[in-house]
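Chemist: Attaching a single structure in structure tokens format; questions to follow.
The values are calculated or read from the model by the stated rules, or taken from the named source; none is laboratory data. The model shown is predicted, which means the values in this text are computed figures rather than measured ones. Cβ coordinates were reconstructed from backbone atoms using ideal geometry, including for glycine residues, and neighbour counts include every protein chain displayed. Only protein heavy atoms, including side chains, enter the accessible area calculation; ligands, DNA and RNA are left aside. Shrake-Rupley method; radii C 1.70, N 1.55, O 1.52, S 1.80 Å.
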Amino acid sequence: MRKDVRILLVGEPKVGKTSLIMSLVSEEFPAVVPYRAEEITIPADVTPERVPTHIVDYSEAEQTDEQLYQEISKANVICIVYSVNNKKSIEKVTSHWIPLINERTDKDSRVPLILVGNKSDLVEHSSMETVLPIMNKYTEIETCVEMRSACVRALTRIFKVSDLDNNGVLNDYELTFFQMTCFNTPLAPQALEDVKNVVSKNLTDGVHDNGLTLKGFLFLHTLFIQRGRHETTWTVLRRFGYDDDLELHQDYLFPPLKIPPDCTTELNHNAYLFLQSVFDKHDKDRDCALSPEELMDLFNVFPYIPWGLDVNSTVCTNDQGWITYQGYLSQWTLTTYLDVQRCLEYLGYLGYSIIAEQESQASAITVTRDKKLDLQKKQTQRNVFRCHVFGLTGSGKTGFLQGFLGRNLVHQRTIREEHKSYYAISTAHVYGQEKYLLLHEVFPDFDVLSETELSCDIVCLIYDVSNPCSFEYCSRIFKQHFMDSKTPCMLIAAKSDLPETKQQYCMTPLEFCRKHKMPPPQSYTCNTAAAPSKDIFIKLTTMAVYPHARLRCMCTCNRCTFCLCQNFLNSELVQTVRTKLYTVVFSRHITHADLKSSAFWLRASVGATVCAVLGFAMYRALLRSR
């Protein structure tokens, strides 16, 4: 092991050799740079290898060739410095410096070379494409030190994720949070000020409103790299999920998540809180919608745009066609339900595990229990329910999906064909609870339906009341695939604003529903002046949430449970009993003393109880007869 290490810096004039050495000593870039820095010695106790290190500068203006040759012969490591914005200085690496050094060193024990790309903050590109062939040709080159463009991109994403209020600077709270996240130790107030002072002395726009700008953040890491403190930058990169190639690691983007069969995936409460904070962070005008510019800003931390143009016809938008807060959460819910791995990836780009202080994105996901258990226990904790929509071409399926999002026929005609979606998702309230209903327009092969096409919470069969051949398609789908299943089905009589035509089928749609114990056909149209009614979607969601109840409460068919109850409550017998009870209770012959008598109220209570028991007995008898 060497007793000490001697490092020589060579290169063309004005590439920044002296500035590198002086910034290492003073921890800031000097305003005035001499031709050559004096030799400096770094004590053993402050170097990682515990070896004294001597750093020697070379200046063509102040030293002779003979002095240069002597320094080359004494050096243990030689750094060839070039400027990334000076093509000539890069060319000189191979045309002058490497041949010169090789001539002055023993072939069998040549000194290791390090290429140092300086002034990377002055250009947008990297010189690595030019330098890599040089490194491959000359085996004596150990490495090349330059803040690569990939590193700049990674640090830029890290800055944007850490900028919690999206104001373009890292304030003291954000810097402290960043420090705790990466190094598990807070920054003292004085240390915060020292960091900002170093940046502001070297960059006029490195600090703004007492916060660190992106340029200042990148400058700090450039300083770390140039001072040989690569481990500091790598610690940050690793914490935010980057691998050796400066790409987000697959284990970071796709943490393990076990999903048993017949289970679904949903976002949990913490995930929705995080996504709400992301929305608020980018909704700069506070209009509860994301403009195209705000949406692009949100996706700036992604390597690609994750949402296509069909998103605007999948979720709710405002009058300008911008995704609303509800639509934004709906799209995330849809992604989680249909492709949870992609959702994990997206949350990774947004830095969920960092900001939410969770182990991984998997903690944002709830895996629901098997649907069979829900049916057995007659209750569910799920919040997302899937409805498959079947119907003949032109029957009104697309209009039905868009109507769910509040778009009438006039609005629907403005949607371009290539932007249309086969999905629509929004919320519906079921007995005061908000649930997500996911509509999916399905185009089946009659002979075969895939497992995915059969797997849903409710089936919606749509026919066009003005097309006599439309209903037969629905009946075939039902008989072939759903007649013997436990999935509830509903028949939708679409385009109900048009004259109704007799369907060319052996029975009417109403008779068909009665025969198969389905709710009667539900009339629907999106040809309205305002937004179409959402009542039908609430009914669909209710049936999906409570499939075990076989709800028939949307009709006046006089056959279902709801109608039997209503008929009983409205029957002449019950009305007579109720009238007589009212007469007894509120008769003028009742004195003030009677009203205070406990015996009177006891008799009234007993009478009401008797009526209730008799009514329940009659209700059970009617159900048995059914």
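Chemist: Is segment 231-351 best put as rounded, prolate or oblate by its Cα gyration tensor, with a ≥ b ≥ c the root eigenvalues, rounded for a/c under 1.5, and otherwise prolate when a/b is larger than b/c, oblate when not?
Modeler: Verdict is oblate for segment 231-351.
Chemist: Based on the mean of other beta carbon atoms within 10 Å per residue, what is the order of 520-527, 499-506, most packed first?
Modeler: So the peptides 520-527, 499-506, ranked by packing, come out 520-527, 499-506.
Chemist: Express the accessible area of segment 282-415 per residue in Å², computed with a 1.4 Å probe while the remaining protein chains stay in the model.
Modeler: Accessible area per residue, segment 282-415: 43 Å².
Chemist: Please compute the net charge surrounding R104, taking Lys and Arg as +1 and Asp and Glu as -1 over other residues with Cβ under 12 Å from its Cβ.
Modeler: Surrounding charge for R104 is -2.
Chemist: With θ set to phi - 60°, apply the Karplus curve 6.51 cos²θ - 1.76 cosθ + 1.60 along segment 302-307 and write out the HN-Hα couplings as whole Hz, x wherever there is a Gly or Pro.
Modeler: 9, x, 7, 7, x, 9
Chemist: I would also like to ask the following. Can you tally the net charge around P256? Count Lys and Arg as +1, Asp and Glu as -1, for every other residue whose Cβ sits under 15 Å from the Cβ of P256.
Modeler: Cβ neighbours under 15 Å give a net charge of -2.
Chemist: Give the Debye-formula value of log10 I(q)/I(0) at each listed q (0.12, 0.17, 0.20, 0.25 Å⁻¹), with one equal scatterer per alpha carbon of segment 138-237, two decimals each.
Modeler: The computed values of log10 I(q)/I(0) come out as -0.39, -0.76, -1.05, -1.64.
Chemist: Please give the peptides 469-478, 395-404 ranked by average Cβ packing (other Cβ atoms within 10 Å per residue), highest first, as a rough proxy for protection.
Modeler: Per-residue Cβ counts within 10 Å, averaged per peptide and sorted highest first, yield 395-404, 469-478.
Chemist: What FRET efficiency, computed as 1/(1 + (r/R0)^6) with R0 = 22 Å and r the Cβ-Cβ distance, is obtained for D244 and V77, rounded to the nearest 0.05?
Modeler: That gives a FRET efficiency of 0.45.
Chemist: May I pose another question? Mind listing the long-range amide H neighbours of R6? Cut-off is under 5 Å, sequence gap 5 or more, other chains count too, H placed in the peptide plane at 1.01 Å from N.
Modeler: Amide H neighbours of R6, under 5 Å, 5+ apart: H54, N76, V77.
Chemist: How would you rank 316-322, 538-544, 59-65, highest first, on the average number of other Cβ atoms within 10 Å across their residues?
Modeler: 538-544, 316-322, 59-65
Chemist: Continuing with the same structure: Suppose we keep just the DSSP beta bridges with both residues in segment 401-532; what percent of those would be antiparallel, to 5?
Modeler: Here the antiparallel bridges make up roughly 45 percent for segment 401-532.
Chemist: Label-point separation (nm) for I355 and D194, each offset 7 Å from Cα along Cα-to-Cβ?
Modeler: Placing both labels 7 Å along Cα→Cβ, they lie 3.1 nm apart.
Chemist: Given R₀ = 41 Å, FRET efficiency for F443-K14 by Cβ-Cβ distance, to 0.05?
Modeler: Step by step, r from the Cβ atoms, then E = 0.05.
Chemist: If each of K479 and Y304 carries a label point 7 Å out from its Cα toward its Cβ, how far apart are those two points in nm?
Modeler: With each label placed 7 Å out from Cα toward Cβ, I get 4.5 nm.
Chemist: Length gain on complete extension for the stretch E91 to D280, per 0.36 nm per residue less the alpha carbon to alpha carbon distance?
Modeler: Length gained between E91 and D280: 63.0 nm.
Chemist: Can you work out ³J(HN,Hα) from phi for every residue in segment 455-464, in order, using Karplus 6.51 cos²θ - 1.76 cosθ + 1.60 and θ = phi - 60°, giving whole Hz and x for Gly and Pro?
Modeler: 8, 7, 9, 7, 10, 10, 9, 10, 10, 8
Chemist: Subtract the Cα-Cα distance of Y173 and K201 from 0.36 nm times their separation in residues, and report this length gain in nm to one decimal.
Modeler: Roughly 7.9 nm would be gained on extension.
Chemist: Taking segment 389-516, how much of its Cα-Cα pair set, in percent, is spaced more than 25 angstrom apart?
Modeler: 29
Chemist: In nm, to one decimal, how far is the modelled label at H208 from the one at D339, with both set 7 Å along Cα→Cβ?
Modeler: 3.5
Chemist: How much length is gained if the chain between H269 and S109 is pulled fully straight, taking 0.36 nm per residue apart and subtracting their Cα-Cα distance, in nm to one decimal?
Modeler: Between H269 and S109, full extension yields 51.3 nm more.
Chemist: Can I ask one more? If R0 is 56 Å, what FRET efficiency do you get for L373 and K420 from their C-beta distance, rounded to 0.05?
Modeler: Computed FRET efficiency for L373 and K420 comes out at 0.95.
Chemist: For the modelled label position 7 Å from the Cα of Q504 along Cα-to-Cβ, which residues of segment 451-488 have backbone nitrogen atoms closer than 20 Å?
Modeler: Only 462-479 fall inside the zone, counting backbone N under 20 Å.
Chemist: Which residues' amide hydrogens lie under 5 Å from the amide hydrogen of H516, considering only partners 5 or more residues apart or on another chain, with H built in the peptide plane?
Modeler: Under 5 Å from the amide H of H516 lies no amide H from a residue far enough along the sequence or on another chain.
Chemist: For segment 176-231, what size does the Cα cloud have along each of its three principal axes, sorted from largest down, in whole Å?
Modeler: 30, 27, 18
Chemist: Along segment 531-547, what does the Karplus equation 6.51 cos²θ - 1.76 cosθ + 1.60 (θ = phi - 60°) give for ³J(HN,Hα), rounded to whole Hz, x for Gly and Pro?
Modeler: 5, x, 5, 9, 4, 4, 6, 5, 5, 4, 5, 4, 5, 5, 6, 10, x
Chemist: In terms of modelled amide H atoms, which long-range or inter-chain residues lie less than 5 Å from the amide H of N86?
Modeler: none
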